[in-house]
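Heads up: the structure comes next, in structure tokens.
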Amino acid sequence: MAAAAVRMARAQDSLRPIPDDRLEIRHDPLKGRGVFACVPIAARTLIEAAPVIIVPAAECPLLDRTILHDYYFHWDGDPDGEGRGVVPLGLVALCNHSRRPRARVRRNLAQGTLDLVALVTIAPGEEVTIDYNCPLWFAAED
């Protein structure tokens, strides 16, 4: 019985999120939640490789009728039509839009991740923003 308890405790320890002292989630009064740098992040740095849940093309219209509409990404196929979507399981889903983004999202089909890559050096306190590359459903601030 004691061995089972030790195994369970180890399993729970291994399921804890990996601490990332480089980033934090903050609330912006205009945009809501966002991802901010805590330390300098150099241009071309891989900020995050977020694993994804792949959504079949036929199920994407269902996502469009939920809150996940604002958080899922196009994965493959025709960018303006049919194709699968992905729901990212990481901070990339919380990055706000900017017309002058500090980072970009790169689909990594081989690894099954959405890679968040810095376009410019991001200073501590600056928001990690991306260009949504789609018609916006809100008024963009910058």
>> Go through the range 5-27 and report how many residues are within 21 Å of Val105 (Cβ to Cβ) and at pLDDT 85 or above.
In response: 5
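One line per residue, one yes/no per condition, for (1) open to solvent by 20 Å² or more (accessible area, probe 1.4 Å); (2) of a type outside the set (S, T, N, Q); (3) assigned to a strand (DSSP E or B):
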site	(1), (2), (3)
Glu48	yes, yes, yes
Ile53	yes, yes, yes
Asp78	yes, yes, no
Val92	no, yes, no
Pro101	yes, yes, no
Asp115	no, yes, yes
> Pairs, please: C-beta under 7 Å, at least 6 apart or cross-chain, first residue at negative phi and in the range 109-128, second open to solvent by less than 20 Å² (accessible area, probe 1.4 Å) and of a type in the set (Asp, Glu)?
Replying inline: none
> Within the range 39-62, can you find the residues that are within 17 Å of the chain's Cα centre (by Cα) and farther than 17 Å from Pro101 by Cα?
Replying inline: Ala49, Ala50, Pro51, Val52, Ile53, Ile54, Val55
>> Can you tell me which of (1) surrounded by 13 or more Cβ atoms within 10 Å (Cβ to Cβ); (2) at pLDDT below 95; (3) farther than 19 Å from Glu126 by Cβ is the one Asp64 doesn't meet?
In response: (1)
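The values are calculated or read from the model by the stated rules, or taken from the named source; none is laboratory data. Not measured: the values here are computed from a predicted model. Virtual Cβ from ideal backbone geometry, glycine too; neighbours counted across all protein chains shown. Heads up: the accessible areas ignore ligands, DNA and RNA and are worked out on the full protein's heavy atoms, side chains in. Shrake-Rupley method; radii C 1.70, N 1.55, O 1.52, S 1.80 Å.
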